[in-house]
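Below you'll find the structure, written out as structure tokens, and then a few comments.
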Amino acid sequence: MMEKMFEVQDPVNHDTQTLQVNIGPQHPSTHGVFRMNVVLDGETVVSLKPVMGYLHRNHEQIAENISYTASMPYTDRLDYFNSMSNNFAWALAVEKLANLDVPERAQYIRVIMAELTRLVNHVSVIGFLLNDLGAFFTPVLYAFREREKILDIFEEVSGARMMCNFLRFGGIKRDLPAGTLERIKEVIQNFPKFLDEFETLLTKNEILCMRCQNVGVLPAELAVNASITGPMLRASGVNYDVRKADKYSIYDRFDFKIPLGQTGDVYDRYYCRVLEMRESLKILQQALRDIPVTGEIISKKMAPFVKAPRNFKPPVGEAYGRVEAPKGELGFYVVSDGTPQPWRYHVRAPSLINLTILEDLCIGHKVADAIVILGSIDIVLGEVDH
Amino acid sequence: MAGFLPDWVLVIKSVLISIAAIAFLGPVTMMYLTLLERKVVGRMQNRIGPNRVGKWGLLQPLADGVKMLTKEDIVPTPADPIAHFLAPILIVVPALLVFAVIPFGRGMTAVDLNVGLLFFIAISSTTTLAIFMASWGSRNKFSLLGGMRSVAQMVSYEVPMVLSVVPVILITGSLSTNDIVLAQGGWGGLKWFIFTPWGLLAFIIFYLCGVAECNRSPFDLPEAESEIVAGFHTEYSGMKFALFYMAEFMNSFTISALAATLFLGGWQGPVLPSWLWFFMKTYVLIFIMIWFRGTLPRFRVDQLMNLAWKFLLPLTLINIFVAGFWYFAPNTIVRVLMSAGVLSLSFWGLQKLNQGYAPEKRVYQFGD
Amino acid sequence: MNLQEIQSKIEAALPGIRLKPVRESLLIEDAAMLPKVAAFLKNDPVLALDYLSSVTGADYLKYLESVYHLYSVEKKTGPVVLRVRVTRDSPRIPSLVPIYRGAEFQEREAFDMYGLYFENHPDLRRIFMWEGFEGFPMRKDYEQEDSEILETADIEWLDRHGAKVPEGMRKKAADLKAQGKRAVAEKTGKSIE
Amino acid sequence: MTHLYDIVKFGIYALMAFSVLAAILAVTVRNLFHAALCFAAVLIGIAGVFLSLHADFLAMVQILIYVGAVMTLVIFAIMLTERFGDNSSPQNNSLTLAAFGLAIVSLIAFSTISVKTRWPIQENAGALHLSVGELAYALLNTYVLPFEVISVLLITTLIGAVIIAKKDRVS
Amino acid sequence: MIFGTGIIKGMLVTLKAFLASYFKGPHEGGIFTVEYPEKRLAEKERFRNFPFLLYDQTPENLRCVACDICAKECPPKCIYIVRDFDKEGRPLKRPAIFDIDFTVCMNCGICEEACPFDAIFMDHEFEIAGPDRQNKMLYHRDDLLKSNEYFNKIRPTDAGAIDARRREAEEKKKAAAAQAVKAKTTQPQPEPPKT
């Protein structure tokens, strides 16, 4: 009856004019040169087309013209936050190709370094996510304080903080200097204390919960169908982690759990990363306990090629090595034709593939949410554009 | 010396002195507030903050000022020249005007209007015009979005702000800021309104709305760097941008000063000189604003509006009723308990009503 | 489930399909059958390969190739690799996006780099290169400028900017121009089967 | 002190002239947004005049209500409906002559009325400082009925606006 | 739970950090920024910046024999070597031109690994920013030369190990040479070939 009383003669349709806005490539919170072609109706996102390629340098073409070991430093520059796990994936692929064995001590050092990069990556990602939410750099700087301690260990071990170029096929480049294991133990001792302080600052913060809960919900079957991997997949409740699925290197010796979310929104992705950090700490403690004190660090078969990497000619064939990088499943598909240069070299970049569903997540949300969802997907443009 | 001057010169002299004081005080507080903010937020983030220019970075504001002056002032070609040019001026004028009403110390109020408080609220509501001109004038999509957001925010936070001041006027019976401070003079200068239940609630609401009014931290939607670059002052550079920056900081100073005057007894204090009390209280409130900026993430537009209309506004209305009851009830413990009970009940009730915005409990399994 | 069992399972389910094992992967002779095979592998309760890890283009001089690595999320089983070969002049492959949404960007990358046209792909355009770019950079016959050898145009530019160009380079650029060839980086390595 | 009064008196006349000029500008200027700004200048001018007549409560309320709220909504409406980018369409039409004639006639009518009628002016109007307390007392005691009727009117318009707005979102 | 508690707990964390910055040391939560130009962090021994060529006593006797292995191994191909010839045109075991383009080099350290003659190592010196990209950043042989003492100063353990290995190889070679000379002198006259 109310409707009848207030019948408006000719209901004028008030469709407001949609606004086409380019967010990026030069924008404070697109994590690098990444452009989103967003069409807005008022504040809500109507359509969002990602545009990439600003940082494309044809990494695969470079790798096909240089020797296998020479492309190891280039893998540092793929996902420049986790150079050690990029090296790990490339080393695994070529070891599968040339079926090399890796001595015990080298395996343990590789696992320790990979898990340390996972800590660095997750802590920085949470910091950047909070930056997109508007916290003025405080979480980032707390995260970077812890990241500094781990980068010092990388510099001590490999010579460079971010571009480590530390792994070689069949082992690692050089053994750990004296005293490094104690320093790693010390970092792992007070990392949980920092994590608890970080959680009191963030996890129960009402504004963060309001901004992140039920925003950008990713259903489980869409995640699997869209080949999403890493914390995003597990936040939607899918129990899939390459460390448990492939049991590569010596990950089957460590007992650790895989945290799984329920709804798969931005908040679950944030908290799954926090829980994954706690699991990595468990792995690191076990690895530090069981690491053999001495032992050679590179397999016998690679001895002649240490001084002359260009002579290393893996047998003809192809291999696909993959590793659970902090951003997802990082895979290298390499085809060898018996010459020192690979015939085909392909990088399966998790950041690029995790962006497939960016538009599905953002449609219907506000502009502010689109930025936060992009932040929770955690992309690095070096890997997206390889 | 003043004896032989004709009286009309005396009037002009006193007016000029107070104008000069405010014209000097305003920008200088702004400059050193920027330094204070950068130092405090730095210290919160385990870093030192500017310490290269001058002893502890004390000359840093000067350096910023010179930088702002020498920076090239770019006006985008499609911009509307008049609106683009006038906006920064029209945003600084109310920020400076409002200083006239603030009681800095006993008898140190520039202009003791008997509608001081209303003057403050009226003048600070005209800033929306300047923000409209800035966002419309620069013909830029981001600034248009920023302009819309900031005006919507200002309008919706002005209502609870004005209503949260009503209990204070109701109890003191006058709009003049000086009378309000005098009314808090009891118990040796410690009978502040904040120690009454309705005063505490009104202070919290007034302070939150004040932070929203000058677009500072948890409510800094309009110039949300991470989303729409810099909101309505995207297209400004050089001295014009400095004026926007100055207006924001002067607003934060005056809002804190007024909150101190209304609820923390302005210059009332047991021993120390009156102006020292005033500045200490104001700078504590400014520290809290900076503390917000160093810690809290930002609200989203719709959450911001809901907080104002569905949570703060009903709370202020109930608070006015409680203040009314407080005015007429006899001065006994029953009055205190009754009002505190009603207020906490209403706070809890409203929070239940807004349950949609409370954080959900999340459970995480562990697969292997 | 090794390769033979999978091959026999597919041949049983899709009669008349021609499969050839190539280096522990299954080559589907007729490219058009790819979506059927992928759909079968995905919906088969035993294999349940519902996760397409990576799509890779490759160039073997005589033919272009597209390689698919499939995994199962529940069963956590290892990669089942499918392979499809097309000639250089008709590089048409049916797209897998209707079955695996994850193939969207990787197929666009394969198109951008190798020129593999994926039919009924929702939005097949270049992913990394800008719109006006011609040619497919990762193909073995892509003429990539060799930055070591200078051409006459480069030498003129250097002279204009007052750089000192050694005599040897000037002579090499002149006779390159005489033969009308471009300074192209030669590709190393020989194609395998 | 007399010089001071002359200066102040001259200031008030300047203020009034400014408001009239702003009013004319508000009507004639091409850009709709500039017209709105000139209108806001007129309102501030009027508040200035109230101040000069020592009605400071009225001046502040004028600024708060008109400039703070009404102008904001007017400009909001302009910004939302105005096509972003191009200048507004020309405003003049063929009736300028008739409008000018009507303006002159109404000017003469109002000025004669305001001069001829004997307003109940008290002698010491200048000295009467109307304090806020007396104003409040008058509003809530002697004139409480009109005050309540107006508030009922405002509430109904408020509810009407909400319903219309809600209808749009529903449809 | 009341609405604001999470926020207040979070703010107490930042307040604790604010107070700790005045009273706590760098590792217990206080300020840990090192004010760079005045105070510097201790350098890690394996830190690697741009490469340098090593000479033993005087800049003349370079260890580099211009074998071009590092130029072949270098991933971005930023090393350019031309062998030196003496007056008669016979090739010498020293490079006439040894250029490294520092704008291309990504200090990955592969040249140090691949060099069989311990001639090229990664330096620690990182304050080499220059105003001009073309000429200043192309380092020629003489700009790259650094003494063995410098190498021992910046990388004591590595340099020590390499010097020990070289000295040992030296003795072995000298012993072998002495032994060869002794063998040649005591060896009887070679009999004429049996007809």
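The values are calculated or read from the model by the stated rules, or taken from the named source; none is laboratory data. Owing to the predicted nature of the structure, the values given are computational and were not obtained by experimental measurement. Cβ sites come from the backbone with ideal geometry, for glycine too, and all protein chains shown count toward neighbours.
No other residue among E:Arg40, E:Arg48 is basic (Lys, Arg) and modelled with pLDDT of 90 or more apart from E:Arg48. For region E:56-63, the criterion of a residue being within 13 Å of chain A (Cβ to nearest Cβ) and either among the charged types (D, E, K, R) or in contact with a helix residue (DSSP H, G or I) (Cβ under 8 Å, 6 or more places away or on another chain) (or both) is satisfied by no position. Looking only at region E:94-105, residues that are assigned to a strand (DSSP E or B) and farther than 19 Å from E:Phe121 by Cβ come to 2 in all. Within region E:141-156, the set of residues being surrounded by 12 or more Cβ atoms within 10 Å (Cβ to Cβ) and in contact (Cβ under 8 Å) with a residue 40 or more places away in the chain comprises E:Arg141, E:Leu144, E:Leu145, E:Lys146, E:Ser147, E:Asn148, E:Phe151, E:Ile154, E:Arg155.
The condition of being out of contact with any helix residue (DSSP H, G or I) (no Cβ under 9 Å at 6 or more places or on another chain), in contact (Cβ under 8 Å) with a residue 12 or more places away in the chain and of a type outside the set (Ser, Thr, Tyr) holds for only one of B:Pro88, B:Pro94, B:Pro50, B:Pro78, that being B:Pro78. When A:Leu141 is evaluated against the numbered criteria (1) touching a residue at least 60 places away in the same chain (Cβ under 8 Å); (2) of a type in the set (A, V, I, L, M); (3) facing chain E (nearest Cβ under 10 Å), which criterion, by number, is the only one it fails? Unmet condition: (1).
In a residue-by-residue description of region B:208-225, the property of being surrounded by fewer than 20 Cβ atoms within 10 Å (Cβ to Cβ) and closer than 30 Å to B:Asp80 by Cβ applies to at least one position. Scoring A:Ser236 on the criteria (1) touching a residue at least 60 places away in the same chain (Cβ under 8 Å); (2) within 19 Å of A:Leu355 (Cβ to Cβ) leaves a single failure, condition (1).
Within region E:29-46, residues that are within 7 Å of another protein chain (Cβ to nearest Cβ) have Cβ atoms under 8 Å from residues that are assigned to a loop (DSSP other than H, G, I, E, B) and exposed (fewer than 10 other Cβ atoms within 10 Å of the Cβ) in no pair, counting only partners at least 6 apart in sequence or on another chain.
Find the strands (runs of 3 or more DSSP E) located wholly in region C:1-99 whose residues include 2 or more that are hydroxyl-bearing (Ser, Thr, Tyr), and list them. The qualifying strands (runs of 3 or more DSSP E) are C:51-59, C:64-71.
The residues of region C:54-72 that are free of Cβ contacts under 8 Å to residues at least 40 places away in the same chain and surrounded by 19 or more Cβ atoms within 10 Å (Cβ to Cβ), listed by number, are C:Glu65, C:Tyr68, C:His69, C:Leu70, C:Tyr71, C:Ser72. Within region E:31-79, take every residue that is assigned to a loop (DSSP other than H, G, I, E, B) and of a type in the set (A, V, I, L, M) and give me the one that is farthest from E:Asp158 (Cα to Cα). Looking at residues that are assigned to a loop (DSSP other than H, G, I, E, B) and of a type in the set (A, V, I, L, M), I get E:Ile31. Residues in region A:221-231 that are within 12 Å of chain C (Cβ to nearest Cβ) and either of a type in the set (Asp, Glu) or surrounded by 19 or more Cβ atoms within 10 Å (Cβ to Cβ) (or both): A:Glu221, A:Ala223, A:Val224, A:Asn225, A:Ala226, A:Ser227, A:Ile228, A:Thr229. If the condition is being closer than 17 Å to A:Arg168 by Cα, touching an Asp or Glu at 6+ places or on another chain (Cβ under 9 Å) and part of a loop (DSSP other than H, G, I, E, B), then region A:291-350 contributes A:Gly295, A:Glu296, A:Ile297, A:Ser299, A:Ala308, A:Gln341, A:Pro342.
Of the helices (runs of 4 or more DSSP H) that lie entirely inside region A:144-232, those containing 1 or more residues that are among the hydroxyl-bearing types (Ser, Thr, Tyr) and under 28 Å from B:Pro218 (Cβ atoms) span A:180-202.
For B:Arg106, all conditions in the list (1) buried (at least 19 other Cβ atoms within 10 Å of the Cβ); (2) more than 9 Å from chain D (Cβ to nearest Cβ); (3) part of a loop (DSSP other than H, G, I, E, B) hold save one; what is the number of the exception? With (1) buried (at least 19 other Cβ atoms within 10 Å of the Cβ); (2) more than 9 Å from chain D (Cβ to nearest Cβ); (3) part of a loop (DSSP other than H, G, I, E, B) applied to B:Arg106, the lone miss is (1).
Among the residues of region E:1-18, are any over 30 Å from B:Leu312 (Cα atoms), facing another protein chain (nearest Cβ under 9 Å) and in a loop (DSSP other than H, G, I, E, B)? The answer is no; no qualifying residue exists. Specify the residue that is farthest from the chain's Cα centre (by Cα); the eligible residues are those in region C:75-121 that are among the acidic types (Asp, Glu) and closer than 18 Å to A:Thr229 by Cβ. Within region C:75-121, the match that is farthest from the chain's Cα centre (by Cα) is C:Glu104. Region B:118-193 holds helices (runs of 4 or more DSSP H) entirely within its bounds, and those carrying 1 or more residues that are surrounded by fewer than 22 Cβ atoms within 10 Å (Cβ to Cβ) and either touching a helix residue (DSSP H, G or I) at 6+ places or on another chain (Cβ under 6 Å) or more than 9 Å from chain D (Cβ to nearest Cβ) (or both) map to B:141-172, B:177-183, B:186-189. Quick check on region A:267-275. Is at least one of its residues within 14 Å of chain C (Cβ to nearest Cβ), touching a Gly at 6+ places or on another chain (Cβ under 6 Å) and at pLDDT 90 or above? No - not one qualifying residue is present in region A:267-275. When C:Lys177, C:Lys171 are checked against the criterion of being over 23 Å from C:Tyr63 (Cβ atoms), surrounded by fewer than 17 Cβ atoms within 10 Å (Cβ to Cβ), out of contact with any Ser or Thr (no Cβ under 7 Å at 6 or more places or on another chain) and away from chain A (no Cβ under 13 Å), C:Lys171 stands alone in meeting it. Being within 14 Å of chain B (Cβ to nearest Cβ) and surrounded by fewer than 22 Cβ atoms within 10 Å (Cβ to Cβ) holds for only one residue in A:Arg161, A:Arg147, and it is A:Arg147. Just one of (1) farther than 26 Å from A:Leu116 by Cα; (2) crowded, with 19+ Cβ neighbours inside 10 Å fails for A:Arg273. It is (1). What are the residues in region D:26-55 that are without any contact (Cβ under 8 Å) to a residue 24 or more places away in the chain, within 11 Å of another protein chain (Cβ to nearest Cβ), farther than 16 Å from B:Ala130 by Cα and over 15 Å from the mean Cα position of the chain (by Cα), if any? Answer for region D:26-55, where residues must be without any contact (Cβ under 8 Å) to a residue 24 or more places away in the chain, within 11 Å of another protein chain (Cβ to nearest Cβ), farther than 16 Å from B:Ala130 by Cα and over 15 Å from the mean Cα position of the chain (by Cα): just D:Val29.
For C:Asp50, the conditions (1) away from every other protein chain (no Cβ under 14 Å); (2) surrounded by 14 or more Cβ atoms within 10 Å (Cβ to Cβ); (3) free of Cβ contacts under 8 Å to residues at least 40 places away in the same chain are fulfilled apart from (1).
For region A:187-220, taking the residues that are touching a helix residue (DSSP H, G or I) at 6+ places or on another chain (Cβ under 6 Å) and basic (Lys, Arg), the one that is farthest from the other protein chains (Cβ to nearest Cβ) is identified as A:Arg211.
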